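The values are calculated or read from the model by the stated rules, or taken from the named source; none is laboratory data. None of the values given here were measured: they were computed from a predicted structure. Cβ placement follows ideal geometry from the backbone for every residue including glycine, while neighbour counts extend to all protein chains displayed.
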């Protein structure tokens with residue numbers, strides 16, 4: 001939106017940073033996976049070699065969480081494993097610290113919890129992360 005673009009310009013000027021806004025023009029008929037894929041594939045396609053933290057726009061969280069996830073040398077994803085899952089939950093199957101599946105269609109009984117929209121992807125994992133997103137989107 002125009003307001004978002006204006007805010008990004010102000011933030012760039014205030015903090016001396018560069019912000020790239022990626023818009024999912026079909027968000028109303030797709031889902032968060034498509035939006036995430038658009039952003040992460042932009043990073044991969046432009047050979048940006050930095051790690052990145054992905055936060056859904058509607059999340060509010062303690063800054064300590066960002067600090068902790070940023071300090072980790074690993075790709076990380078924050079999972080709510082206390083919430084009661086339902087069909088609309090964006091579920092994950094995790095075994096031995098490895099994500100084996102992600103998506104709303106996963107069986108609740110096999111799921112480890114719900115992805116809450118905060119993750120860090122290190123550059124070395126970007127290609128595999130994008131492949132997982134492509135598989136999720138294609139299903």
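Under 6 Å between Cβ atoms, which residue pairs at least 6 apart in sequence (or on different chains) link something in segment 96-122 that is under 18 Å from residue 34 (Cβ atoms) with a partner that is assigned to a loop (DSSP other than H, G, I, E, B)?
104/90; 115/90; 117/56; 117/59; 121/75
With respect to residue 49, determine if the residue is exposed (fewer than 11 other Cβ atoms within 10 Å of the Cβ), in contact with a helix residue (DSSP H, G or I) (Cβ under 6 Å, 6 or more places away or on another chain) and either modelled with pLDDT under 90 or under 12 Å from residue 116 (Cα atoms) (or both). It would help to see each step written out before you state the result.
Values: exposed (fewer than 11 other Cβ atoms within 10 Å of the Cβ): yes; in contact with a helix residue (DSSP H, G or I) (Cβ under 6 Å, 6 or more places away or on another chain): yes; either modelled with pLDDT under 90 or under 12 Å from residue 116 (Cα atoms) (or both): yes.
So residue 49 passes the test.
Every residue in segment 23-33 that is buried (at least 16 other Cβ atoms within 10 Å of the Cβ) and either without any contact (Cβ under 8 Å) to a residue 40 or more places away in the chain or over 13 Å from residue 117 (Cα atoms) (or both), please.
24
Any residue in segment 75-95 that is over 16 Å from residue 106 (Cα atoms) sitting within a Cβ distance under 7 Å of a residue that is exposed (fewer than 11 other Cβ atoms within 10 Å of the Cβ)? List the pairs, counting only those 6 or more apart or interchain.
Hits for this filter: zero, empty list.
For segment 92-116, which positions are touching a helix residue (DSSP H, G or I) at 6+ places or on another chain (Cβ under 7 Å) and within 21 Å of residue 41 (Cβ to Cβ)? So that I can check it myself, show each step before the final result.
Residues of segment 92-116 that are touching a helix residue (DSSP H, G or I) at 6+ places or on another chain (Cβ under 7 Å), as a first pass: 93, 102-103.
Those that are touching a helix residue (DSSP H, G or I) at 6+ places or on another chain (Cβ under 7 Å) and within 21 Å of residue 41 (Cβ to Cβ): 102, 103.
Taking residue 14 as the residue in question, decide whether it is over 23 Å from residue 128 (Cβ atoms) and in contact with a helix residue (DSSP H, G or I) (Cβ under 9 Å, 6 or more places away or on another chain). Can you show your working first?
Working: over 23 Å from residue 128 (Cβ atoms): yes; in contact with a helix residue (DSSP H, G or I) (Cβ under 9 Å, 6 or more places away or on another chain): no.
The answer is no for residue 14.
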